[in-house]
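Trainee: Before I ask anything, let me first share the structure, which is written out below as structure tokens.
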Amino acid sequence: MDRTPATLEHYKAAMLLSGVGDALGYRNQLWEYNESGPTIHQELKELGGLKNIKVELPDWPVSDDTVLHLATAEGLATGKIGEDLLHEVASRYVEGMKDMEGRKPGPSSILGVSQLRPGEEGGFRVPYNPEGTGCGAAMRSMCIGLRYPKPDQLLSLVAVAVETGRMTHPHPTGFLGAVASALFTAYAVQRRPITTWGLGLINEACPIAKSFVQGRGFAVEETERDWNYFCEKWQWYLDQRGISNGVGPALWPASYGPAERDDAYKSFSLSGWAGRSGHDAPMIALDALLGAGSDWEELMSRAGFHGGDSDSTAVIACCCWGLLYGTQGVPEGNYTNLEYRDRLEQSAEKLYALSH
């Protein structure tokens, strides 16, 4: 892993490649809903492999993941803080929902955004939703770690991730996914060893998130009732990989190709749909980062071309990977004409300036 500090180019690569991972994992609805990693890999081969793919419209649009990640990033890029920031982000989510033709937003995102009333007292809050466990908050929160990347900004990172996350996913399995995505990008900026990220999530960020929720006094009882699944599943995962003490190397099954990964990712999941929930979208992303190192094709193979919610796992993994490695080794055709490239890079520039 590159130990040199994260530069503006790393920030731009993070935002840009998150969109690339989204567009590739989505493949205009064809791969996000494909339950077979081996089938996706076969179709990828028929397209001439990753090197031959030109990620551009009309065949490779970004999905709802990138539209809403941009909404978060452009909200943060205004430099607002506190409740002003929350109203700003809420209004951008409302706006982003108008750009969903062919992008397939999830049910909790649609419901949550429809209940937001930005500008009104408390209008960035929605009622508790016991179904709000999906990955919709996780997939749009990486940029929060770009805004608050320093160890002494952890409280701000957690606060913003929790509050923006529960605008659509008030269940802790949902909004703690936002904390995980934001935290992992901050760790990537800090150049923390990837083997320590999960431990930091459970031991550092989750307790802060819990006391933050208690302090805000909103839906505390329901949140506490539903709290434990996220942390317990993450502990289980770290035990599986042999990194519950934060020290590597990670332990891998003897064979871990596309078919084996499909089975493994299902075992991470809440309901058998890999990457669909707030806990397992960042989990699959971390698994891919641990296994791929600096190899872009291997990262996409693991994070973007699997059965299940492949765009949401790739959008998180590729953001962190861009922070670590830039665009080195990524075929230019994969990103040169990406939809919304300008907006992604401009928001990266503003977040970089604000974070310094």
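Trainee: Among the residues of the range 284-296, what is the count of those that are touching a Lys or Arg at 6+ places or on another chain (Cβ under 8 Å) and touching a residue at least 40 places away in the same chain (Cβ under 8 Å)?
Mentor: 3
Trainee: So, in the range 316-356, how many residues would count as being of a type in the set (A, V, I, L, M) and touching a His at 6+ places or on another chain (Cβ under 7 Å)? Quick ask: steps written out before the conclusion?
Mentor: Step one: filter the range 316-356 for residues of a type in the set (A, V, I, L, M), giving 316-317, 323-324, 330, 338, 344, 348, 351, 353-354.
Applying the additional criterion that residues be touching a His at 6+ places or on another chain (Cβ under 7 Å) yields 323.
Of the residues in that region, 1 qualify.
Trainee: So, in the range 208-252, of the ones that are acidic (Asp, Glu) and part of a helix (DSSP H, G or I), which residue ends up farthest from Arg302 (Cα to Cα)?
Mentor: In the first step, residues of the range 208-252 are kept if they are acidic (Asp, Glu); the result is 221-222, 224, 226, 232, 239.
With the extra rule that they be part of a helix (DSSP H, G or I), the set shrinks to 221-222, 224, 232, 239.
Values: Glu221: 37, Glu222: 35, Glu224: 33, Glu232: 24, Asp239: 20 Å.
Residue satisfying both the conditions and the ranking: Glu221.
Trainee: Right, something else. Hey, among Ala292, Ala348, Ala281, which residue is within 21 Å of Gln29 (Cα to Cα) and in contact with a helix residue (DSSP H, G or I) (Cβ under 8 Å, 6 or more places away or on another chain)? Write out each step before concluding.
Mentor: Numbers: Ala292 fails: within 21 Å of Gln29 (Cα to Cα); Ala348 fails: within 21 Å of Gln29 (Cα to Cα).
Just one listed residue meets the conditions, Ala281.
Trainee: Give all pairs with beta carbons closer than 8 Å in which a residue from the range 20-39 that is farther than 19 Å from Asn52 by Cβ meets a residue that is at pLDDT 95 or above and of a type in the set (Lys, Arg); count only pairs at least 6 apart in sequence or on separate chains.
Mentor: Within 8 Å, the pairs are Gly37/Arg261.
Trainee: Taking only the range 258-267 into account, find how many residues are closer than 28 Å to Arg191 by Cα and either in contact with a Ser or Thr (Cβ under 9 Å, 6 or more places away or on another chain) or modelled with pLDDT under 95 (or both).
Mentor: In the first step, residues of the range 258-267 are kept if they are closer than 28 Å to Arg191 by Cα; the result is 261, 264-265.
Subset that is either in contact with a Ser or Thr (Cβ under 9 Å, 6 or more places away or on another chain) or modelled with pLDDT under 95 (or both): 261, 265.
Going through the range 258-267 one residue at a time, the tally reaches 2.
Trainee: While we're on this one: Considering the range 306-356 alone, what residues qualify as being without any contact (Cβ under 8 Å) to a residue 40 or more places away in the chain and among the acidic types (Asp, Glu)?
Mentor: Glu332, Asp342
Trainee: Select the helices (runs of 4 or more DSSP H) contained entirely in the range 1-115, then report the ones holding at least 1 residues which are hydrophobic (A, V, I, L, M, F, W, C) and over 30 Å from Leu155 (Cα atoms).
Mentor: It comes to 8-26, 37-46.
Trainee: Can you pull out every residue in the range 115-153 that is touching a His at 6+ places or on another chain (Cβ under 8 Å), under 22 Å from Cys231 (Cβ atoms) and surrounded by fewer than 24 Cβ atoms within 10 Å (Cβ to Cβ)?
Mentor: Of everything in the range 115-153, those that are touching a His at 6+ places or on another chain (Cβ under 8 Å), under 22 Å from Cys231 (Cβ atoms) and surrounded by fewer than 24 Cβ atoms within 10 Å (Cβ to Cβ) turn out to be Tyr128, Asn129, Pro130, Glu131.
Trainee: Kindly provide the set of residues from the range 84-105 that are of a type in the set (Lys, Arg) and under 20 Å from Leu30 (Cβ atoms), ordered by number. Walk me through it before giving the result.
Mentor: Filtering the range 84-105 down to residues of a type in the set (Lys, Arg) leaves 92, 98, 103-104.
Residues satisfying the conditions are Arg103, Lys104.
Trainee: I'm trying to understand the selection: among the residues of the range 269-303, which are touching a strand residue (DSSP E or B) at 6+ places or on another chain (Cβ under 8 Å) and at pLDDT 95 or above?
Mentor: Start the filter on the range 269-303 by keeping residues that are touching a strand residue (DSSP E or B) at 6+ places or on another chain (Cβ under 8 Å), which leaves 269-271, 276-278.
Of everything in the range 269-303, those that are touching a strand residue (DSSP E or B) at 6+ places or on another chain (Cβ under 8 Å) and at pLDDT 95 or above turn out to be Ser269, Arg276, Ser277, Gly278.
Trainee: Sticking with this one: Restricting the range 37-52 to residues that are among the aliphatic types (A, V, I, L, M) and surrounded by 15 or more Cβ atoms within 10 Å (Cβ to Cβ), which is nearest to Thr336 (Cα to Cα)? Before the answer, list the steps.
Mentor: Within the range 37-52, the subset among the aliphatic types (A, V, I, L, M) is 40, 44, 47, 50.
Of the ones still in play, those that are also surrounded by 15 or more Cβ atoms within 10 Å (Cβ to Cβ) are 40, 44, 50.
Working: Ile40: 23, Leu44: 19, Leu50: 14 Å.
If we take residues in the range 37-52 being among the aliphatic types (A, V, I, L, M) and surrounded by 15 or more Cβ atoms within 10 Å (Cβ to Cβ), then Leu50 is nearest to Thr336 (Cα to Cα).
Trainee: Determine whether the range 156-164 contains at least one residue that is closer than 17 Å to Thr7 by Cα and polar (S, T, N, Q).
Mentor: Restricting attention to the range 156-164, the residues satisfying the condition of being closer than 17 Å to Thr7 by Cα are none.
Checking the range 156-164: not a single residue is closer than 17 Å to Thr7 by Cα and polar (S, T, N, Q).
Trainee: Go through the range 213-252 and give me each residue that's touching a residue at least 24 places away in the same chain (Cβ under 8 Å) and exposed (fewer than 14 other Cβ atoms within 10 Å of the Cβ).
Mentor: The answer is Asn245, Val247, Pro249.
The values are calculated or read from the model by the stated rules, or taken from the named source; none is laboratory data. Everything quoted here is computed from the prediction, not taken from an experiment. Because the Cβ atoms are built from the backbone with ideal geometry, glycine has one as well, and the counts that use them run over all protein chains shown.
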